[in-house]
Every structure is written in C-alpha cells, then in structure tokens.
1. Could you check the stretch 121-233 for helices (runs of 4 or more DSSP H) lying wholly inside it with 1 or more residues that are of a type in the set (D, E, K, R), surrounded by fewer than 17 Cβ atoms within 10 Å (Cβ to Cβ) and assigned by TED's automatic domain parsing to the domain that holds Gln96?
2. Restricting to the stretch 128-160, what's the tally of residues that are touching a Cys at 6+ places or on another chain (Cβ under 9 Å) and of a type outside the set (Gly, Ala, Ser)?
3. So the check is Cβ under 6 Å with 6+ separation or different chains; which pairs have a first residue in the stretch 133-158 that's under 10 Å from Thr91 (Cβ atoms) and a second one that's at pLDDT 95 or above and among the hydroxyl-bearing types (Ser, Thr, Tyr)?
4. Regarding Gln116, is this residue outside any strand (DSSP E or B) and within 18 Å of Thr192 (Cβ to Cβ)?
5. Kindly evaluate Ala239 against the criterion of being aliphatic (A, V, I, L, M), surrounded by 13 or more Cβ atoms within 10 Å (Cβ to Cβ) and either closer than 19 Å to Ile86 by Cα or in the same structural domain as Gly87 (by TED's automatic domain parsing) (or both).
Amino acid sequence: MATRPKPKVAVWKFASCDGCQLSLLDCEDELLAVLGEIELAYFPEATRMVVKGPYDISLVEGSITSPHDAERIHKVRRASKKLVTIGACATAGGIQALRNFADVKEYTSIVYASPQYIETLSHSTPIQNHVFVDFELRGCPINKAQLLEVVSAFLHGRKPVTPPHAVCLACKLNGTPCTMVAHGTPCLGPVTHTGCGAICPAFHRGCYGCFGPKETPNTTSLSNQWEKLGVDSATLMRAFRSFNAYAEPFRKESEAHERK
C-alpha cells in the first residue's frame, strides 16, 4: 500500500531578527511529533536541505524593506498553497517600520560611510501589503503554542483557533490585578492582542503591545486614561511606536499625538 506523501512546509525569512522562526525550534517536546507529520522542505535556519516546491504551507517571517524582497515575496506566494505570516515584522512591518515616520535617506547618510550602495525602500511594510495572506500570527516573538495550532489547523483543513481578545482577559484569568487601577502604571493591555500570557503585568509592568492591536481596539479611550495618569503626548506617541508601529490602529493613534 502506497504511503501518502507528507505535506511540504517551508519557512522563509525577510527583514527580521529570526526570533519567530526559532519559535518553531523552541517547540522542544512537540517538535518531533510535528516533524513526523510534515516534510520540512525549506528552512535555512535549521537545515541545508532544500526540497523544491510547490509547498503546502509557507511560514513567512519578516517585513518587506528592499526592492529585491518585494519581488521575492511574489515568488514565495506562487510556490505556496497556503501562506502564513508569523510575527510583528511580517504582520505589521516590525520595529524597522519606524523608518516610515522618518526620512530614510537622511538616516542612511548619517549611518553609512557610502550610502549610495544601500538599496532600500522608504517604507517597511507587512507581507499582506504585497501578496494575499491566508492567516496572520502576531507577536514579537510569536507564541509557539499558537504556531503549532496554526500548522495543525491547515494540515487538517480547518480554520486556526487563536484568541482574539485583549491582554486584560489574560490578566483576569491569571488573577493578576490591573496595573493601571492598582498601581497607576500605564499599560497597553486593553488594546493589545493576547498571546504572551500577560507576563509584564504579572511583574507590575505595563504591557508593551508586543502582540499588536486586538480586534476593534479603542486606542483613543486608552490614551485618555494614560493622560489622566499624567502621561504626555510625546510619551504616548512613543508607546504606540514600537514592535507594531505600522499596524493601522497603533499608527493612527501615534500620529494623532505627534500632531499635538
């Protein structure tokens, strides 16, 4: 009896730090079970082996920051039956999207001795700005349990189930008192997608927004609460300009405070 071929999975890197790719390798106990169900066809971070496509699933880390990558992502899309973006860089442009609020040519002239050799785009953009994306998995870095859920879902032909709610609910489930109410500490938890396990509030630190905006975030209302805590517009602008600076809700809120 002929054995059924394993689904081919490819992992691609664009402008990023590799942290989200490493989340797959960090699965530890689950990794052998995952590799038993798939063929890891392309993953330079883990193996030199390259198996030609098409690929059943492509996991894409990183943002588009150069003309070369703007072309390459279309090749990846054509070679992939399903394309999943992983991490803040791929879903929102990443920390490098801070360039989108500045003059890139001015920065390159300051940083590089020969800026004429630097070939880069003026904006760092998420993958979905260039090609169709089947699913986005947020985080900086992503949650490895959520990554396993997404891979498993696509392998079994179902929709991935990842929580859409805010970090605040995770705090409630963990029994962690609200840092804003109990300690007067500014926190992005009310507008941030859950996935980290609400680690920072557990240590009396405000959420930094690593997992990007949750569904329908009320950033204006949160900013009003921060202002009641004595936070000025410049600090608010910087708070929304971090790992997910170019995610639309965070971008619009930061721009609103930049104009003040």
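The values are calculated or read from the model by the stated rules, or taken from the named source; none is laboratory data. Quick caveat, the model's predicted, so the values are computed rather than measured. Note that each Cβ is placed from the backbone with ideal geometry, even for glycine, and that neighbours are counted across all protein chains shown.
1. 144-155
2. 9
3. Sorted first by the residue in the stretch 133-158, then by its partner, the pairs are Val133/Thr85; Glu136/Thr85; Glu136/Thr91; Arg138/Thr91.
4. Taking the combined requirement at face value, the residue does not satisfy it.
5. No; evaluated as a whole, the condition is false for this residue.
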